[in-house]
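The values are calculated or read from the model by the stated rules, or taken from the named source; none is laboratory data. Here the structure is a predicted model, which means the values were calculated and not measured. Here the Cβ is made from the backbone with ideal geometry for all residues, glycine too, and neighbour counts use every protein chain on show.
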Amino acid sequence: MIDEKVICAGFGGQGVMLLGQLMAYAANEKGLNTLWYPSYGPETRGGTANCSITISEKPVNSPVISKADTIIVLNKPSLDKFEGKVKPGGRLFINSSLIDAKATRTDIEAFYIPANEIAGKIGNFKVANMVMLGAYLAKTKLFKNDLIIKLLAKTFGEQKAHLVLLNQEALTAGRDYFNKNY
């Protein structure tokens, strides 16, 4: 039974919303019930941004997530704010390129993904979000890369079509990093 509650958080401009949208779109494509709920800080770029995604075989009744199965954090303020919202036995994905702290809880699984470092090796730091998504998908096996790339191409449209291959590389690199290290 699929019933996954996810929170993605970081600074505005890190692609947090795109990461969440792609997960929601993928759930729709698979015939699952889903809800994506964005939350922005006062600034768009550089301010805090997070989104909640619920993916379930059951009807989804509320966008509010009190305890998440998974939290993906791209910066230190997000780790500080959201670590306590991971349910016991849940997962915390930490962008270890920007966060030098470790998870303080011992009742959850923590995965340290150097997303910015990996993205930099690919050639663009802006795809760190896709590196994190790739790692998350390697762990959960919710969706295949092909589905995410198809949806990314659709979301980007013709104007950003040239970025699809770069994002595909990042998704694969995140998955590969996770599989190699965890």
Of Asn145, Asn129, the only residue that is in contact (Cβ under 8 Å) with a residue 60 or more places away in the chain, touching a Gly at 6+ places or on another chain (Cβ under 8 Å), within 18 Å of Ala119 (Cα to Cα) and of a type in the set (S, T, N, Q) is Asn129
Tally time: how many residues in segment 151-182 are surrounded by fewer than 19 Cβ atoms within 10 Å (Cβ to Cβ), modelled with pLDDT under 95 and of a type in the set (S, T, N, Q)? 2
Enumeration of residues in segment 88-126 that are in contact (Cβ under 8 Å) with a residue 40 or more places away in the chain and either under 23 Å from Ala68 (Cα atoms) or of a type in the set (A, V, I, L, M) (or both): Arg91, Phe93, Asn95, Phe111, Ile113, Pro114, Ala115, Ile118, Ala119, Ile122
Counting only helices (runs of 4 or more DSSP H) wholly inside segment 98-182, the ones holding at least 1 residues that are within 13 Å of Val73 (Cβ to Cβ) are 115-122, 128-140
Can you find a residue in segment 79-90 that is closer than 17 Å to Lys139 by Cα, assigned to a loop (DSSP other than H, G, I, E, B) and modelled with pLDDT of 95 or more? no
If you scan segment 58-75, which residues turn out to be surrounded by 14 or more Cβ atoms within 10 Å (Cβ to Cβ) and modelled with pLDDT under 95? Val60, Pro63, Ile65
Report yes if Gly41 is over 21 Å from Leu171 (Cβ atoms), modelled with pLDDT under 95, exposed (fewer than 13 other Cβ atoms within 10 Å of the Cβ) and touching a Phe, Trp or Tyr at 6+ places or on another chain (Cβ under 9 Å), otherwise no. no
Confirm whether Ala49 is in contact with a strand residue (DSSP E or B) (Cβ under 9 Å, 6 or more places away or on another chain), crowded, with 19+ Cβ neighbours inside 10 Å and modelled with pLDDT of 95 or more. no
